[in-house]
Amino acid sequence: MLPDVAEKAAINLEIEGGLLHFVKGHGPYKQRLKSLKLVEDNMCHVCWMVSTPEHVVLRCVETEALVSKQRALLGDRPVTEVLRAPELVTLLRESEDKVSAYYKRFLAVRGHPAARDNKIEDYE
Ligand SMILES: [Zn+2]
């Protein structure tokens, strides 16, 4: 999902922390966890789509209640468009923060190996 060089120049925004993980396809999302062999599959078991950061943060039914306000304001804009507008980046950052915190708690409560021994950050 990381935009190419020309795209990044056009965007010209500071992307850091959780939002950088989101743009790079990292973070506590099943697509990433599967690539690290930390989960069996990469599917969202609610929507039956690949559980990418974009799916989980912006489109998934399971996380709708967490970020309904932000999603209503972001609409169906593609991420590349969102990243060009600072006010939309703020909404995306808020959404990513809430959803990644939710998933980290979800993994920790289940005693997932990624959440033990402070390894929660390893897959970011
Ligand atoms: Zn989903």
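Structure notes:
- Amide H within-cut-off set for M43, under 5 Å, with H built and near neighbours excluded: S51
- Each label point was placed 7 Å from the Cα along the Cα-to-Cβ direction; for E40 and F106 their separation is 1.7 nm.
- In this structure, the pairs whose alpha-carbon distance is over 22 Å, taken from K37/K98; K37/K69; K30/K69; K24/K98, are K37/K98; K37/K69; K30/K69.
- Calculated FRET efficiency, M49 to A72, Cβ-Cβ distance, R0 = 25 Å: about 0.75 to the nearest 0.05.
Where a number appears in this text, it was derived from the coordinates with a stated rule and is not lab data. Since this is a predicted model, take the numbers as computed values, not measurements. Neighbour counts are summed over all protein chains in view; Cβ atoms, including those assigned to glycine, are modelled from backbone coordinates with ideal geometry.
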